[in-house]
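The values are calculated or read from the model by the stated rules, or taken from the named source; none is laboratory data. The shown structure was predicted, so the numbers you read here are calculated from the model rather than taken from an experiment. Glycine gets a Cβ as well: all are built from the backbone with ideal geometry, and neighbour counts include every protein chain shown. In case anyone asks, the SASA skips ligands and DNA or RNA and just uses the protein heavy atoms, side chains included. Shrake-Rupley method; radii C 1.70, N 1.55, O 1.52, S 1.80 Å.
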Amino acid sequence: MQIPIPNSLATEQDLIRWLGTLPRPDPRVWPQGIGDDAAILLPNPGEDLVVSTDMLLDGACFLLDQAGAKRVGRKSLAVNLSDLAAMAARPLGCFLSLALPKGGDSRLARELISGLTEMGEEFDCPLIGGDTNSWPGPLAISVTVIGAVQKGRAILRSGARPGDWLMVTGLLGGSILGHHLDFKPRVQEARKLAESFEIHAMMDISDGLAKDTRTLCTASGCGAVLVTERLPLSPESHQLESISALGIQGKTPEEHALGDGEDYELLFTVSPEVGKSLLQEQPLGAVPISKIGECVSQGFWLEAKGTRSPLPETGWQHSWG
Ligand SMILES: [Mg+2]
């Protein structure tokens, strides 16, 4: 469903009035509707609340002129939903805080919120509160998402153990060609995995596979071996090999898959038995699950043609648009 955004959202009052006209979410979540000083959330009994927040800045995390306000609004919620996915949580609602450039036109807020609310519709994550302000600086957006997960069942980064298989969803690398703005957070996929398989540890890949593998395994007190030949390479990681305009020519598709940020896929570990079933069953349909390596007791390694070398210290770099 497309949510109609009014033409005049000149003031914060306009914005609140409009938000008040939006379809009300599940009454168990938000019984009183918008307009009070604070939102009330009522998760189901037996659930834990899961909260995450992310700030996006024009000029640092995106270029508003190039990306357009709607895509930026969409992304500002998507990155947060990706963090909920990493915990295998279901979204309850989101909060949006906006610092708008002073003197800008009201279209910016409108388009941004329309991008965000469309994403929210898609993932059952309504906008339930927030704050807007203007200042003599560039656009800054902070989104907070609230989710819920069955008590004690959130998946942490710290549960991996030596011998686990390292798995990823989807394809990796080259997000700068558009994926970093238009990706689909793996909310459903993560919940499906967590409901049917014993997942030991999980996170979303935002800073690049090599760096995030270190992060996850360090949190678990183990190391990892990644296998070059097993990396699921995106078509973009191949395309980038031949694009020199961005100043990043000379990297192989594998290097893009290891080092580029903003894949927003799931990185997780399972026992070899579960790993085998996942590879065989491919329970996520069109979203492939790949084994990319294994957890070891210590050290971080990259294996290529059977030879191990230290895993490169590549990681996230800012995107251009
Ligand atoms: Mg994350």
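Per the Cα gyration tensor, segment 67-149 maps to an equivalent ellipsoid with semi-axes of 24, 12, 10 Å, ordered largest to smallest. For segment 165-310, the percent of C-alpha pairs falling in each 5 Å distance bin, counted from 0 to the bin holding the largest distance, reads 2, 10, 20, 23, 21, 14, 7, 2, 1. Close amide H contacts of G261 (hydrogens built in the peptide plane, cut-off under 5 Å, sequence separation of 5 or more or a different chain): Q317. Shown in residue order for segment 163-174 are the 3J(HN,Hα) couplings computed by the Karplus curve 6.51 cos²θ - 1.76 cosθ + 1.60 at θ = phi - 60°: x, 4, 8, 8, 10, 9, 8, x, 10, 10, x, x Hz (x for Gly and Pro). For W301, tell me the accessible area in Å² from a 1.4 Å probe, rounded to the nearest 10. Counting only protein heavy atoms, the figure is 90 Å². Around the amide H of C61, modelled in the peptide plane, lies no amide H under 5 Å away from a residue 5 or more places distant or on another chain. For helix 272-281, what angle does its Cα long axis make with the longest principal axis of the chain, in degrees from 0 to 90 and rounded to 10? Tilt of helix 272-281: around 70 degrees. In degrees from 0 to 90, rounded to the nearest 10, what is the angle of the helix 107-122 Cα long axis to the longest principal axis of the chain? The answer is roughly 60 degrees. Site pair E229 and Q188 shows an inter-label distance of 3.5 nm when each label is modelled 7 Å from Cα along Cα→Cβ.
Largest accessible area first, the residues K305, K151 order themselves as K305, K151 under a 1.4 Å probe with ligands, DNA and RNA left out. Could you work out the percent of alpha carbon pairs in segment 12-150 separated by over 24 Å, rounded to a whole number? Taking all Cα-Cα pairs of segment 12-150, the fraction more than 24 Å apart is 27 percent.
Per residue, the average separation of C-alpha pairs within less than 8 Å and at least 6 apart gives segment 165-310 a relative contact order of 46 percent.
Within the chain, all pairs of alpha-carbon atoms sorted by distance into 20 Å bins from zero give the percentages 32, 54, 14, 0. Solvent-accessible surface (1.4 Å probe) assigned to D204 amounts to roughly 10 Å². Note on L49 and T252: with the Förster distance fixed at 45 Å, the Cβ-Cβ geometry gives a FRET efficiency of about 0.60.
Here the 3J(HN,Hα) profile of segment 72-84, calculated from phi with Karplus coefficients 6.51, -1.76 and 1.60 at θ = phi - 60°, is 5, x, 4, 5, 4, 7, 4, 5, 6, 4, 5, 5, 5 Hz, Gly and Pro shown as x.
Helix 187-196 axis versus longest C-alpha principal axis of the chain: approximately 50°, rounded to the nearest ten. For F300, nonlocal amide neighbours, meaning residues 5 or more places apart or on other chains whose placed amide H falls under 5 Å from its own, are A224, L311.
Based on protein heavy atoms only, segment 12-150 ends up with 44 Å² per residue of surface accessible to a 1.4 Å probe. Across segment 45-53, computed HN-Hα scalar couplings (Karplus, 6.51 cos²θ - 1.76 cosθ + 1.60, θ = phi - 60°) run x, x, 10, 9, 7, 10, 10, 8, 9 Hz from first to last residue, x flagging Gly and Pro.
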